[in-house]
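What follows draws every value from the coordinates through simple rules; no lab data is involved. Computed from a predicted model, the values in this text were never measured in an experiment. Don't worry about glycine lacking a Cβ; one is built from the backbone with ideal geometry, like all the others, and counts go over all protein chains shown.
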Amino acid sequence: MKHNVILGTGSAAPDNVVTNADLEKIMDTSDEWIVQRTGIKSRHIALPGEKFSDFAVSAARQALDMAGVEAADLDLILAGTISPDHIMPSAACSVQALLGADKATGMDVCAACSGFIYGLSIADKYLKCDPDMNILVIGGEIVSHHLDWEDRTTAVLFGDAVGAAVVGARADGHRLLSVETGSDGNLGRLLYIEGLGSATPVTKDFDIDNTYIKMKGREIFKHAIKNMVEVSNRALARAGVTLDQVTKIIPHQANMRIIEMLAKQFKKPMDDVFVNIDRYGNSSAGTIPVALSEAVDTKFIEPGDIVLMTVFGGGLTWAAAVLEW
Ligand SMILES: CC(C)(COP(=O)(O)OP(=O)(O)OC[C@H]1O[C@@H](n2cnc3c(N)ncnc32)[C@H](O)[C@@H]1OP(=O)(O)O)[C@@H](O)C(=O)NCCC(=O)NCCS
């Protein structure tokens, strides 16, 4: 019998690393404040000319290599991002062209930080209809283009990175046991970018401030914990797995204090929780697939592990997936 499995993973980020000390030079902040409040020490920031597809293609090629799947054999590309190269064509179509994945269908998933797990959810359901499909799920951002470097309340938190996974249905492999999602549009103004859409189109009076991320950090914090716990419990129930059976957690990397509170709620030691926020900051839809790829590469997750991945983001959106590695 075939199951939906993760066949390969990959990740990529700009070479340019910006440390907290670098930020101290351009805004009223300190390494001490950033580390204490967020756990972030440095982040990758794209240089002018670097765009989403550059890193998405690199992550995708690694995932395809690990999977032993040719780009030409992809049937579907799902790109979770809010920072595509262009508003049109979609990020997935840009990646399709660069990979030469000629027979694939490409589409974007707009769910902010939850974009990758939302993509996994869509892939899971496609595969249940057609188990012969090879699906590339990408998640990530060049979110730095939406940062106001004069706003210390947001600029220090985010970074650029992209991850990818190839999923398919096989008799053996790293099983995707369940994926659950949720959203609440009523909370949309807690984390948003005002402009570039049809509500605030670009006119000659367009204010660049409309392109920046705006956030109510404290309120987000509360919703983050509550919704990640709720959606994780749903994903575990659907997978038929108890919290006791979970051996590793890969959480959204938005804030170290949120990660630690989540570990406490789930009664798991921090040794079982994957953390790379210190090196990446919050790469939005990139956090989960980049962390998954690094967890695989470093053998943080190994065959036999039951892995819970959980995320929240703008929308608000949230999602969780359970893997049997
Ligand atoms: C953003 C966050 C780190 C702020 O931490 P906090 O403890 O809530 O801090 P506050 O916003 O209350 O600010 C406390 C003080 O630090 C100051 N401050 C804010 N950013 C600062 C910075 N980068 N450097 C130094 N001081 C800063 C504030 O101005 C405030 O000063 P005041 O007390 O003089 O008014 C935290 O709320 C958070 O992480 N929230 C979740 C955000 C998130 O996850 N977003 C992504 C969703 S996908």
Two-decimal Rg/Rh across the range 177-324, once Rg and the Kirkwood Rh are taken from alpha-carbon atoms: 1.03
Per-pair calculated FRET efficiency, R0 = 30 Å: Leu47 and Met261 via Cβ, rounded to 0.05: 0.30
Kindly work out what percent of the DSSP beta bridges joining two residues of the chain are antiparallel, to the nearest 5. 70
Can you work out the Karplus-derived ³J(HN,Hα) for every residue in the range 152-161? Use 6.51 cos²θ - 1.76 cosθ + 1.60 with θ = phi - 60°, whole Hz, and x for glycine or proline. 5, 6, 10, 4, 6, 8, 10, x, 9, 5
If you stretched the chain out fully between Asp205 and Thr242, how much longer would it get, using 0.36 nm times the residue separation minus the C-alpha to C-alpha distance? 7.8 nm
Diffing the range 101-106: the Karplus 3J(HN,Hα) column from phi (6.51, -1.76, 1.60, θ = phi - 60°), in whole Hz with x for Gly and Pro, holds 8, 4, 8, 7, 9, x
Residue-wise HN-Hα coupling along the range 186-200, computed from phi with Karplus coefficients 6.51, -1.76, 1.60 (Hz; x: Gly, Pro): 5, 9, x, 7, 6, 7, 7, 10, 5, x, 6, x, 6, 6, 9
Residues whose modelled amide H sits under 5 Å from the amide H of Leu177, counting only those 5 or more places away in sequence or on another chain, are Val322, Leu323, Glu324
Taking the C-alpha atoms of the range 3-173, how large are the radius of gyration and the largest Cα-Cα span, Dmax, in Å? 17.4, 55
So, R0 is 56 Å and r is the distance between the beta-carbons of Asp148 and Ala171; what FRET efficiency does that work out to, to 0.05? 0.65
Intensity falloff of the range 128-238 expressed as log10 I(q)/I(0), Debye formula with alpha-carbon point scatterers, at q = 0.10, 0.16, 0.21, 0.23 Å⁻¹: -0.49, -1.02, -1.25, -1.32
Listed by chain and number, the lysines with an alpha carbon less than 20 angstrom from that of Lys2, same-chain partners under 8 positions apart left out, are Lys125, Lys128
Kirkwood Rh and Cα Rg combined as Rg/Rh, the range 120-172: 1.26
At 0.890 mPa s and 25 °C, plugging the Kirkwood radius over alpha-carbon pairs of the chain into Stokes-Einstein gives what diffusion coefficient in µm²/s? 126
If each of Glu24 and His86 carries a label point 7 Å out from its Cα toward its Cβ, how far apart are those two points in nm? 4.4
Determine, from the Cβ-Cβ distance of Asn233 and Lys128 and an R0 of 30 Å, the FRET efficiency 1/(1 + (r/R0)^6), rounded to the nearest 0.05. 0.85
If each part is reduced to its alpha-carbon centroid, the range 31-73 and the range 266-294 end up apart, in Å, by 13
Which loop-located trypsin sites (Lys or Arg not before Pro) does the range 18-114 contain, where loop means any DSSP state but H, G, I, E or B and the Cβ has at most 14 other Cβ atoms within 10 Å? Lys25, Lys103
Among the lysines, which fall within straight-line cross-link reach of Lys267, defined as a Cα-Cα distance under 29 Å, with same-chain neighbours fewer than 8 residues apart omitted? Lys41, Lys216, Lys222, Lys226, Lys248, Lys299
